[in-house]
Amino acid sequence: MRFLLLPLLLCAACARPPELDEHITPAAKAAPFPALVPLGPLLDEADGTRITTTDAALQARAAALRARARQMQDESQE
């Protein structure tokens, strides 16, 4: 099986990637580069973030979504 996969991978490696420059709009080309910011302050800010959703709330939401999916399936089969 590996011997069959190798030629396919080699052919894919030799393929030319699509030309992406054609799809970039003039406005995007003229846009300034985004500002680079230090990573440290962003990580410090993220450290204070807490997840407040409880397991019970997630379980209730999952059950509600499953019930909605069942209802939608039943409606589509009618």
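Residues 68, 50, arranged from fewest to most other Cβ atoms within 10 angstrom of their Cβ, appear as 50, 68. Classify the chain: rounded, prolate or oblate, from the alpha-carbon gyration tensor (a ≥ b ≥ c, eigenvalue square roots; a/c under 1.5 rounded; otherwise prolate if a/b is larger than b/c)? Oblate.
Calculated [222 nm] ellipticity per residue, helices only, for the chain: -20000 deg cm²/dmol; basis is -39500 (n - 2.57) per DSSP H run with n ≥ 4, divided by all residues, nearest 500.
Bear in mind these aren't lab numbers, they're just calculated from the coordinates by the rules spelled out. What you see is a predicted model, and the numbers here were worked out from it, not measured in a lab. Cβ: placed from backbone, ideal geometry, glycine included. Neighbour counts: every protein chain shown.
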